[in-house]
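Asker: Sending over a structure as structure tokens; questions will come in a sec.
The values are calculated or read from the model by the stated rules, or taken from the named source; none is laboratory data. Treat the numbers as computed from the prediction; the structure is a model and nothing was measured. Methodologically, a virtual Cβ is constructed for each residue, glycine included, from the backbone with ideal geometry; neighbour enumeration extends over all protein chains shown.
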Amino acid sequence: MIRILLADDQQLFREGLIALLSLEEDLEIVGEANHGREAIALAEHLQPDVILMDVRMPICNGVEATRAIHHSYPWIQILVLTTFDEDEYVFQSLEAGALGYLLKSTPAKQVAIAIRNIQSGYSQLGPTIAPKVFAQIKSSSSTNQKNYQDLFNQRELEILKLLGLGKSNQEIAQQLHLAEGTVKNHMTNIFCLLEVRVAKPCRRLIALRLLFGRIKT
């Protein structure tokens with residue numbers, strides 16, 4: 001059972017999402033927060049597996065709450081679920097420690113899939129978010145850079161390019177005619193290579209962001 005904390009200041013949205021997610025047998029909403037400060041307190045008290053975090057909230061916004069929770073409880077995975085897709089919110093949330101970013105217009109079934117992926121340690125970007133992220137990541141220097149493309153085989157490069165388009169593991173598997181488990185195995189190898197070779201410690205999604213600044217699509 002995946003234990004979920006929902007942080008959003010809109011009660012009607014929380015109620016609707018809870019009703020939809022309650023249909024999933026492996027998901028359980030264990031708490032609700034009206035603002036970021038309450039989310040931080042409930043994260044400490046409830047120790048959920050995943051937090052669904054809105055960005056704009058009173059008292060303490062979602063970016064600040066994400067940063068505080070990730071610093072104190074890095075094992076809690078945070079998925080931003082918001083109305084806002086401004087670049088500033090996206091990058092600040094990911095840099096603060098969120099492992100995924102989806103819009104509230106995402107169908108409930110896709111949100112459920114994203115929660116499972118996040119809980120397993122896989123990043124999750126909405127189809128309109130991923131292109132924005134990867135398009136704006138530029139190489140900081142044109143010299144003394146490793147050719148990251150040489151690290152991966154052709155199949156892994158295909159998977160990375162589809163991931164950059166916002167595809168989920170399931171969608172990647174269907175498009176490449178692979179088993180979803182095979183895609184996950186490739187992703188594990190990709191992350192291992194990145195985490196060994198990225199000089200500054202960072203989360204998997206940040207490593208992928210840096211990588212996409214160096215791979216031609």
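Asker: Please determine whether any residue of the range 119-127 is modelled with pLDDT of 85 or more, within 30 Å of Asp26 (Cα to Cα) and not charged (D, E, K, R).
Answerer: Yes, the range 119-127 has at least one match.
Asker: To continue, here is another question. Inspect the range 1-21 for any residue being more than 17 Å from Lys109 (Cβ to Cβ) and among the polar types (S, T, N, Q) and give the result as yes or no.
Answerer: yes
Asker: Within the range 44-87, how many residues turn out to be over 14 Å from the mean Cα position of the chain (by Cα) and either within 14 Å of Gly31 (Cα to Cα) or not assigned by TED's automatic domain parsing to the domain that holds Glu32 (or both)?
Answerer: Within the range 44-87, residues that are over 14 Å from the mean Cα position of the chain (by Cα) and either within 14 Å of Gly31 (Cα to Cα) or not assigned by TED's automatic domain parsing to the domain that holds Glu32 (or both) number 5.
Asker: Cβ contacts < 8 Å: first residue among the acidic types (Asp, Glu), restricted to the range 55-83; second residue at pLDDT 95 or above, any location; separation 6+ or different chain. Result?
Answerer: Between residues of the range 55-83 that are among the acidic types (Asp, Glu) and residues that are at pLDDT 95 or above, the close pairs are Glu64/Gly36.
Asker: So which residues in the range 35-57 are in a loop (DSSP other than H, G, I, E, B) and surrounded by fewer than 17 Cβ atoms within 10 Å (Cβ to Cβ)?
Answerer: Gln47, Arg56
Asker: While we're looking at this one, here's another question. Say whether the condition of being farther than 22 Å from Thr83 by Cβ and assigned by TED's automatic domain parsing to the domain that holds Gly100 is met by at least one residue in the range 30-39.
Answerer: Within the range 30-39 (the criterion being farther than 22 Å from Thr83 by Cβ and assigned by TED's automatic domain parsing to the domain that holds Gly100), the answer is yes, since at least one residue qualifies.
Asker: Can you work out which of the residues in the range 88-113 that are of a type in the set (Val, Ile, Thr) and either farther than 17 Å from Arg56 by Cα or not assigned by TED's automatic domain parsing to the domain that holds Asp49 (or both) is surrounded by the most Cβ atoms within 10 Å (Cβ to Cβ)?
Answerer: Step one: list which residues in the range 88-113 are of a type in the set (Val, Ile, Thr), which gives 90, 106, 111, 113.
With the extra rule that they be either farther than 17 Å from Arg56 by Cα or not assigned by TED's automatic domain parsing to the domain that holds Asp49 (or both), the set shrinks to 106, 111, 113.
Numbers: Thr106: 17, Val111: 20, Ile113: 18.
Here the residue is Val111.
Asker: Quick test of your reading of the structure: Cys60 fulfils all but one of (1) assigned to a loop (DSSP other than H, G, I, E, B); (2) in contact with a Phe, Trp or Tyr (Cβ under 8 Å, 6 or more places away or on another chain). Name the failing condition by number.
Answerer: (2)
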